[in-house]
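Student: First the structure, then my questions, so here it is.
The values are calculated or read from the model by the stated rules, or taken from the named source; none is laboratory data. It should be emphasised that the depicted structure is a prediction, and the values quoted were computed from it without experimental measurement. Cβ: placed from backbone, ideal geometry, glycine included. Neighbour counts: every protein chain shown. These accessible areas exclude ligands, DNA and RNA; they are computed on the full protein's heavy atoms, side chains included. Shrake-Rupley method; radii C 1.70, N 1.55, O 1.52, S 1.80 Å.
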Amino acid sequence: MIQLFHVTKYFDGRVALTDISLRIEKGECVLLTGPSGAGKTTLLKLIFGSVPPDDGQILVQNRNIARLRRTDIPYHRRTMGFVLQDFKLLPHRTVFENVALPLIIRGLSVFESRRKVAEALRAVGMDHKQTTRASVLSAGEQQRVCIARAIVNSPIILLADEPTGNLDPQLTMEIADLFKSINAKGTTILMATHNRQVVDRMNGRILRLECGHLMADQGVYA
Amino acid sequence: MRRVWYFIREAIISIRTHRTGTLIGILTTAFTLTSFGVFLLLYHNVNNLLDRIQHNIQIIVYPKEGLEPAKLDEMKQFLKSNQIVESLIFISKQQALEDFKKQFPNEIHLLEGLPDNPFPSSFILTLTSSTPSTDVTAHLMNRLHDHQDIERVKYNRDWIERLTLIVTYLQWGALIIGGILATASMAIIANTVQLAFYTRQEEMEILRLIGATRLFISIPYLIEGALLGALGGGLAIGFLRSGFAVFKHRIESLSVIGGFSSAFEFFPVPFSLTLLVGGIVLGCMGTLATMLGWMKLR
């Protein structure tokens with residue numbers, strides 16, 4: 001599903017990731033842990049195609065991300081969902097409009113979009129707030145809407161960068177459970193977090209990064 | 001279809017959000033196109049006037065004194081054979097004298113005491129309606145001057161040439177000033193769109209995050225630029241129309257050039273459409289100029 005071969009990334013001459021090799025199988029739940037600045041977000045961005053690697057190869061569903069043309073990157077992104085710590089919702093749009101956006105981009109019909117949005121919102125327990133503006137939602141609700149937007153396209157991979165970073169402990173557990181249920185349906189999850197509770201709750205494979213080095217992983221692929 | 005609706009809606013939302021910037025963009029485009037349109041109007045009308053004057057311009061050919069009727073007939077055939085001569089009238093010495101008496105009855109005393117009729121006979125040539133170029137006319141003039149039986153030729157060529165030169169200057173002036181103003185307008189539209197870009201940076205980031213192509217993200221901005229340009233173009237046509245109506249009204253009241261006022265006209269529909277399309281092109285180019293830098297992002 002996801003394979004990294006000796007990937008290195010620099011930012012302004014500073015090493016962000018060094019010689020990372022790993023393999024993530026379909027349906028796995030992988031938790032990227034490590035202190036701030038360890039390279040967790042960079043690793044997610046590399047897989048997402050936001051930044052190219054300076055060295056090494058990244059294969060996502062057998063496609064080499066490093067060799068993707070700039071025009072192909074949006075299509076690569078459509079195969080995955082991305083959830084961020086700071087939600088990234090359009091505040092003046094309704095919950096429905098926010099979640100439907102990836103479907104408009106794909107050019108789905110109104111009927112199909114409505115069905116998929118309702119399904120995604122039901123999965124995150126937000127189907128009763130379809131017409132509510134995103135700006136009036138609580139933090140937990142906003143993150144649920146973000147997750148709905150990430151899964152509305154039925155992605156094979158779901159990337160999450162500190163998705164519980166802005167939430168209180170109770171909401172954190174709720175969101176962790178939500179990710180677990182999504183993973184249980186077969187979606188591969190790669191989540192960056194330094195929250196111990198989330199790591200314990202998710203009970204997935206743990207990759208530990210420190211100063212750009214992969215320190216611990218049972219499934220290191222060399 | 002849904003995407004099209006989305007693009008239009010996004011463009012309208014952006015215009016409504018950035019009202020001041022949009023208004024400045026529309027007014028700048030309108031100002032640019034109005035200035036360009038003034039030159040276009042001037043060029044169009046001077047050209048019209050030139051056409052009309054050239055059509056009415058006559059060449060007067062004076063044959064040598066005492067030519068036999070056969071020779072005069074020969075000259076008539078020679079003049080008629082020229083392609084740019086549409087019609088020809090022969091005025092005999094006697095007829096010239098009669099015409100003088102009719103036109104200037106108070107000056108008849110000037111002729112008293114003269115032994116003979118002092119007026120020469122002449123041919124009055126009218127040129128074809130399709131305005132001949134100055135080169136063709138000059139060629140005809142040379143041929144007339146070289147003719148052995150022709151005494152003198154009267155034709156106010158310099159004046160026509162000067163007018164033609166003015167039209168050429170106007171053409172170049174419209175091009176240069178239009179170019180400068182168009183660049184300024186493009187820069188201001190680019191700024192307007194850039195402002196919209198900055199305020200919606202986060203939104204674009206979200207769109208990229210969920211797999212929107214750069215074209216998908218850009219289309220609403222292109223529509224915004226085109227709308228802005230079209231509105232500016234429409235406004236410019238409005239300004240020009242009302243300005244021209246006032247100008248024509250004033251001209252008609254002036255008796256000196258009142259006779260020419262019918263020659264002044266607002267430019268035809270294709271010219272107006274050119275201004276409108278020009279506005280749209282300016283708007284789109286302004287947007288593209290802003291987006292080219294942003295397009296480089298991965």
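Student: Excluding ligands, DNA and RNA, what is the accessible area buried between chains A and B, summed over both sides, using a 1.4 Å probe, to the nearest 100 Å²? The partial results should precede the final answer.
Tutor: Values: alone 10860 and 17910 Å², together 26340 Å².
The summed interface area works out to 2400 Å².
Student: Quick one: Debye curve from the alpha-carbon atoms of the range B:58-156 only, equal weights, vacuum; give me log10 I(q)/I(0) at q = 0.12, 0.17, 0.18 Å⁻¹ to two decimals.
Tutor: Computed log10 I(q)/I(0) values: -0.45, -0.81, -0.88.
Student: Using only protein heavy atoms and a 1.4 Å probe, report how much of B:E107 is accessible, in Å² to the nearest 10.
Tutor: So the heavy atoms of B:E107 present about 70 Å² to solvent.
Student: Moving on. Go through A:A16, A:A176, B:A289 and say which Cα lies farthest out towards the positive end of the charge dipole of the protein assembly as shown; charges sit on Cβ, +1 for Lys and Arg, -1 for Asp and Glu.
Tutor: Most positive-ward Cα: A:A176.
Student: Now for a different question. Over the protein assembly as shown, how many percent of alpha carbon pairs lie in each 10 Å bin up to the one with the longest distance?
Tutor: Percent of Cα pairs in each bin: 3, 14, 17, 14, 11, 8, 8, 7, 6, 5, 4, 2, 0, 0.
Student: Further question: Take the alpha carbon gyration tensor of chain A, find the square roots of its eigenvalues, order them as a ≥ b ≥ c, and report rounded if a/c is under 1.5; if not, report prolate when a/b exceeds b/c, else oblate.
Tutor: Working: a/c = 1.89, a/b = 1.45, b/c = 1.31.
Note, shape of chain A comes out prolate.
Student: Of the accessible area of the range B:58-156, with the probe set at 1.4 angstrom, what percent is carbon plus sulfur? Write down the numbers at each step before the final one.
Tutor: Details: 3090 of 6340 Å².
Carbon and sulfur together cover 49 percent of it.
Student: How far is the Cα center of the range A:92-109 from the Cα center of the range B:55-123, in Å?
Tutor: 87 Å
Student: On a 1.4 Å probe surface of the protein chains, which of A:F11, B:F123, B:F7 comes out largest in accessible area, and what is the full order?
Tutor: So, going from the largest accessible area down, we get A:F11, B:F7, B:F123.
Student: With the other protein chains left in place, how much accessible area per residue, in square angstrom, belongs to the protein assembly as shown at a 1.4 angstrom probe? Each step should come with its number before you reach the end.
Tutor: Details: 26340 Å² over 520 residues.
Per-residue accessible area for the protein assembly as shown comes out at 51 Å².
Student: Working out 0.36 nm times the residue gap between B:E252 and B:W172, then minus their Cα-Cα distance, what length gain in nm do you get to one decimal?
Tutor: Fully extending the segment from B:E252 to B:W172 adds 25.9 nm.
Student: Sticking with this one: Please state the relative contact order of chain B as a whole percent: Cα pairs under 8 Å, 6+ residues apart?
Tutor: 33 percent
Student: Could I ask something else about it? Once you place label points 7 Å from the Cα toward the Cβ at A:E119 and B:D99, how far apart are they in nm?
Tutor: Computed distance between label sites A:E119 and B:D99 equals 9.4 nm.
Student: First compute the accessible area of the range A:65-194 with a 1.4 Å probe, then give the percent of it belonging to carbon and sulfur atoms.
Tutor: Exposed carbon and sulfur together represent 50 percent of the surface.
Student: Can you give the average number of partner chain beta-carbon atoms within 10 Å of each beta-carbon in peptide B:210-219, as a whole number?
Tutor: Whole-number average of other-chain Cβ neighbours for B:210-219 is 6.
Student: Choose one of A:S138, A:F96, A:G125: the residue whose Cα lies farthest towards the positive end of the charge dipole of the range A:79-141 (beta-carbon charges +1 Lys, Arg; -1 Asp, Glu; about the Cα centre).
Tutor: Positive-most Cα among the choices belongs to A:F96.
Student: Compare each residue of the range A:65-87 in its chain alone against the assembly with all protein chains, and report those whose accessible area goes down by 40 Å² or more; 1.4 Å probe, heavy atoms.
Tutor: A:R70, A:P74, A:R77
Student: Using the basic label-point model (7 angstrom from Cα toward the beta carbon), what is the A:V51 to A:S36 distance in nanometres?
Tutor: It is 1.7 nm.
Student: Is there a quick way to get the dipole size of the protein assembly as shown? I mean about its Cα centre, with the Cβ of Lys and Arg at +1 and of Asp and Glu at -1; what is the value in debye to the nearest 20?
Tutor: Result for the protein assembly as shown is approximately 2480 debye, rounded to the nearest 20.
Student: For the range A:32-93, give the magnitude of the charge dipole about the Cα centre (Cβ charges: +1 Lys/Arg, -1 Asp/Glu; no others), in debye to the nearest 20.
Tutor: Once rounded to the nearest 20, the dipole reads 300 debye.
Student: In debye to the nearest 20, how big a dipole does the range B:58-156 give about its Cα centre with +1 on each Lys and Arg Cβ and -1 on each Asp and Glu Cβ? Spell out each step's value before the answer.
Tutor: Details: 10 positive and 14 negative charges, 37 e Å.
In debye, rounded to 20, the range B:58-156 gives about 180.
Student: Also, quick follow-up: Please state the Cα pair-distance histogram of the range A:18-132 with 10 angstrom bins from zero: what percent is in each bin?
Tutor: P(r) for the range A:18-132, in whole percents per bin: 11, 35, 32, 20, 3.
Student: I'd like the per residue volume of the convex hull spanned by the Cα atoms of chain B, given in cubic angstrom.
Tutor: Roughly 178 Å³ of hull volume per residue.
Student: Choose one of B:Q103, B:G66, B:L125: the residue whose Cα lies farthest towards the positive end of the charge dipole of the range B:58-156 (beta-carbon charges +1 Lys, Arg; -1 Asp, Glu; about the Cα centre).
Tutor: The residue sitting farthest along the positive end of the dipole is B:L125.
Student: Averaging over all projection directions, find the projected area of the Cα convex hull of the range A:108-222 and quote it in nm² with one decimal place.
Tutor: Orientation-averaged projected area of the Cα hull: 8.9 nm².
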